[in-house]
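**Q** Okay, here's the structure, questions in a sec.
The values are calculated or read from the model by the stated rules, or taken from the named source; none is laboratory data. Predicted model, so just to flag it, every value in this text is computed and none were measured. Neighbour counts are summed over all protein chains in view; Cβ atoms, including those assigned to glycine, are modelled from backbone coordinates with ideal geometry. The accessibility values were calculated without ligands, DNA or RNA, using every heavy atom of the protein model including side chains. Shrake-Rupley method; radii C 1.70, N 1.55, O 1.52, S 1.80 Å.
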Amino acid sequence: MCPQAAPGRVRAAPRAPGPHNVCRVLARRAHGFYARDAGVAHRKNLGLLRKIMCQESTKFKNVWTTHSASPIAYERGRIYMDNYQCCISSIAQAPRILYQKSKCAKSEKIEDALLLECPLGEMLPSPSDYKASLIVLTVQNWLLRLSADSGEVLEKIYLAGSCCKSFRYLSWDTPQEVMVVKTIQNKLPAAARQAGIQQSVLFYLAVFQVLPLSFIGMLEINKKIFGNSVTDVAVSNGILIVMYSVGLVRLYNFKAILEQFMEQPFDLGQEFNWNGQVGVVGKYPFGLPCNIKITDTPPLLFEASSLENAFQIGGYPWHYIITPNKKKHKGVFHICSLKDNTLAKNGIQDMKCCSLEPDWIYFHPDMSGRIIHVGPNLIKVLKLKEVKNRTDQMEIAEDFTIVANRENCVNNTVTVTASGRVVKKRFNLLDDDPEQETFKIVDYEDELDLLSTVAVTQIGADGRAHLDFHCNEHGILLKSIPFRESWDVTYSHEVYFDKDLVLHIEQKPNRRFSCYVYQMVCDTAKDD
């Protein structure tokens, strides 16, 4: 309770807030100066977790291992097995089953899935919308929204209409806001082609707003509009991306396409009479109408030619990364301005690797505008900065590097035997030779602001790997976690680092899958 003011005194009215420097306010907020800010406690807790996790006494212990004959997936603390029929929580001290459904028929097989989380600060129509759910796509063209904790079917939408469409892929246009469902590429059987039957539609795209789940529209990608050599199509951040067999990538404004070519909007559950068909939108057997008909080539935003259609946009100001469209340039990356296509100073990045697996490059997911370039034994974190005395041009500068530990690696081309005979090797080791420590995975943990790397060394049949945590700002090594299980470089591997959890999924030959769960524990004498 506040004490009463002393008699005879007048309490001054609170001063009206004056103008503040926006940058200063944001900086103070990031450092937690405003105690009433809802995010302050969360940021402090994550800062404490990062400090505890990086302490020398903190260990990561293999608490659970499982094997499966079907693929294993991981999403936000949940492990999915048996084609999403079994869900296991990895958050508890020991993983526990959240739900186990009976084995589904082949006709109900799930082809793809996305985790849907509740948006902050929005009023939603149903209480179930405030909990995480899983959007799944079945082989029979059903789109289902399942409860992430119980597997209960919350919503059910039939996609395919009168024409046979094989929907197989789910992706985000805008994460947690707009979702795109895509078919496989339509290809006529050989007999139909020999009979002279023409097939002009290559792909169908169905677009949805999520939470509440609502239908925006369906469109077709037609070769009469986009050309015969289209190999793939995607929608991301409001951009329609069309890829061609010749390495060409074209970008179109997806929002403008919706506004220009939508014939009629429809709502899920609405009765409709469309092209002579009467039905209900999203219900069997009618599905969804194709209500966006692109009748003319949309205005082109941008195009580029790149080897294997490799094309990325990011940085500030906007830049893009391509590989010149010739096989001899594989492993060479050009970083150019999106504004005028000019090559940045030092914008050609080439590690000159001699390896079986190529190096790779991408814009840093921390939204800093930096670039990560990963080679077999070297990770470069690059940044864009203005050229001195030239504000119209940017240059690529090195922010920091992470180097593999190859101190014990000896690669002499000339050796001398015990008898004194000189032996010359006819070849050198590859840069990603299994017997040398090689980077296999690089990822970013956004909540703890850590850059994680997986490095592997394989001698004979026994491979050893370790997960390292680096300071995202300076690249300093903060923590190294050895994997207990053997690591075969010929297998497929996925590693997830999620706060205090590390999860390793391995795919062996003949569709054998293994999952290893590590959790952060305090190092005690009992554990030792």
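**Q** What is the Cα coordinate range of the stretch 105-305 on the first, second and third principal axes, sorted by size from largest, in whole angstrom?
**A** So the three principal-axis extents are 51, 37, 32 Å.
**Q** Sort 230, 403, 489 by accessible area with a 1.4 Å probe, largest first.
**A** The most accessible residue leads, giving 403, 489, 230.
**Q** Sticking with this one: State which entries of 224/283; 326/352; 380/499; 380/508; 352/385 exceed 20 angstrom in Cα-Cα distance in the structure shown.
**A** Distance filter (> 20 Å) returns 224/283; 380/499; 380/508; 352/385.
**Q** Using only the heavy atoms of the protein chains and a 1.4 Å probe, how would 319, 67 rank by accessible area, largest first?
**A** 67, 319
**Q** Just report the Cα centroid separation between the stretch 117-177 and the stretch 338-378, whole Å.
**A** About 35 Å separates the Cα centre of the stretch 117-177 from the one of the stretch 338-378.
**Q** Name the residue from 135, 227, 191 whose Cα lies farthest towards the positive end of the charge dipole of the stretch 105-305, charges +1 on Cβ of Lys and Arg and -1 on Cβ of Asp and Glu.
**A** 191
**Q** Please pull out the direction-averaged projected area of the chain, using the convex hull of its alpha-carbon atoms, in nm² to one decimal place.
**A** The orientation-averaged projected area of the Cα hull of the chain comes to 39.7 nm².
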